[in-house]
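As structure tokens, the structure follows; a few thoughts come after it.
The values are calculated or read from the model by the stated rules, or taken from the named source; none is laboratory data. On a predicted model such as this, the values are computed, not experimentally measured, just so you know. Here the Cβ is made from the backbone with ideal geometry for all residues, glycine too, and neighbour counts use every protein chain on show.
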Amino acid sequence: MTKNDDCLFCKIIDGKIPSTKVYEDEKMLVFKDIEPKAKVHLLAIAKDHFKLLSEMDGQQAELVKYMLTKIPQIAKENGCENGYRIVINQGADAGQTVFHLHLHILGGEQLGW
Ligand code: AMP
Ligand code: ZN
């Protein structure tokens with residue numbers, strides 16, 4: 001698994017920066033967003049550092065697929081029984097601030113668009 005010493009989310013994976021983890025296995029980590037944009041706001045990251053959706057290779061696409069198969073159960077167990085939204089910000093215009101691919105999981109309430 002690739003790591004980047006300057007990456008905030010790699011530091012969270014390594015435990016160098018604290019986070020509120022809700023799920024972890026050998027491939028992925030899910031933790032609470034520090035500045036929640038909904039009642040429930042989780043971030044799912046792969047334990048493999050890559051920056052952008054547009055840059056992922058086939059193996060990384062498999063990791064994203066793996067995360068998407070795990071998220072329904074994790075969301076359900078964390079207050080998103082009635083649904084949730086998954087967001088991936090790609091690049092500056094989308095407001096991406098952390099360049100380690102992550103999936104936002106938003107829910108716990110009726111979301112506006
Ligand atoms: P993005 O704007 O898509 O790059 O999302 C980055 C997200 O990371 C934002 O929603 C931030 O609130 C969140 N964030 C930044 N630092 C931390 C941290 N130390 N722990 C948890 N979430 C963080
Ligand atoms: Zn990283």
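Inspect all residues belonging to the range 94-103 and state whether any of them is away from ligand 2 (no atom under 16 Å from the Cβ) and either at pLDDT 95 or above or not in a helix (DSSP H, G or I) (or both). Don't jump to the end; show me each part of the working.
Applying the first criterion (away from ligand 2 (no atom under 16 Å from the Cβ)) to the range 94-103 yields 94-95.
Now drop any that are not either at pLDDT 95 or above or not in a helix (DSSP H, G or I) (or both), which leaves 94-95.
Yes - at least one qualifying residue is present in the range 94-103.
State whether the residues of the range 69-80 include one that is over 23 Å from residue 108 (Cβ atoms), surrounded by 13 or more Cβ atoms within 10 Å (Cβ to Cβ), touching a Phe, Trp or Tyr at 6+ places or on another chain (Cβ under 6 Å) and not acidic (Asp, Glu). Before you say what the answer is, go through the steps one by one.
First pass over the range 69-80, keeping only residues over 23 Å from residue 108 (Cβ atoms): none.
Within the range 69-80 (the criterion being over 23 Å from residue 108 (Cβ atoms), surrounded by 13 or more Cβ atoms within 10 Å (Cβ to Cβ), touching a Phe, Trp or Tyr at 6+ places or on another chain (Cβ under 6 Å) and not acidic (Asp, Glu)), the answer is no, since none of the residues qualifies.
Assess whether residue 38 counts as being in a loop (DSSP other than H, G, I, E, B), at pLDDT 95 or above and buried (at least 17 other Cβ atoms within 10 Å of the Cβ). Before you say what the answer is, go through the steps one by one.
Details: in a loop (DSSP other than H, G, I, E, B): yes; at pLDDT 95 or above: yes; buried (at least 17 other Cβ atoms within 10 Å of the Cβ): yes.
It is true that residue 38 is in a loop (DSSP other than H, G, I, E, B), at pLDDT 95 or above and buried (at least 17 other Cβ atoms within 10 Å of the Cβ).
Hey, any hits in the range 15-26 for a residue that's among the basic types (Lys, Arg), buried (at least 16 other Cβ atoms within 10 Å of the Cβ), within 16 Å of ligand 2 (Cβ to nearest atom) and farther than 12 Å from residue 107 by Cβ? Walk me through it before giving the result.
Taking the range 15-26 first, the residues among the basic types (Lys, Arg) are 16, 21.
Next, from what is left, pick out any that are buried (at least 16 other Cβ atoms within 10 Å of the Cβ): none.
No, the range 15-26 contains no residue that is among the basic types (Lys, Arg), buried (at least 16 other Cβ atoms within 10 Å of the Cβ), within 16 Å of ligand 2 (Cβ to nearest atom) and farther than 12 Å from residue 107 by Cβ.
Quick one: would you say residue 2 is farther than 23 Å from residue 95 by Cβ and polar (S, T, N, Q)? If you could, list the steps in order and put the result at the bottom.
Working: farther than 23 Å from residue 95 by Cβ: yes; polar (S, T, N, Q): yes.
So residue 2 fits the description; yes.
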